[in-house]
Amino acid sequence: MSTEPDRRQRRPEQVSPVVALLTLSSVWDAELGAALSDLRLTTRKYALLAHIHGAPGISFSELARRSQITVQSAHTAVKALVADKLVQDATAHAGAASNLRSTPAGEAALREAGERVAALDARLHQSAPALAAALITTDDEPHLAR
């Protein structure tokens, strides 16, 4: 006779908060990606454009540091933003320090993206108010509210 309890009588395993948050993150990232796609933005490009908007003249190295990506990845993403006419690099010549700025089209895309993010935020607040409240921060460091 087995001492192991019958599987039908066991309580379901508790879901890891980390796994649950990562799963929800993936779902909401896909929602954000879909909301931004017609603006020619991805989640990463949106974040980079926001950094460039917030710090006109920012360099690639500073942009990469703030975005926690490599300088090479920043160059690749910014090249796409430049091709889409959302960002300009006001560098005078090759080898000079970069001087990244958002264009009027980039500013318009950023405003529209902000409105779409606000709508997604409202949906999250409606569907999971406690989670939304816990995720709100007032500084640049990502963390859960205390």
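So the values come out like this:
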quantity: Packing-based ranking, highest mean first, of 55-65, 124-134 given that Cβ atoms within 10 Å are counted; calculated: 55-65, 124-134
quantity: For 123, 116, order by how many other beta-carbon atoms lie within 10 Å, fewest first; calculated: 123, 116
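FYI, it's all coordinate maths here, none of it is from the lab. Not measured: the values here are computed from a predicted model. When we count neighbours, we look across all protein chains shown, and the Cβ atoms used for this are built from the backbone with ideal geometry, even at glycine.
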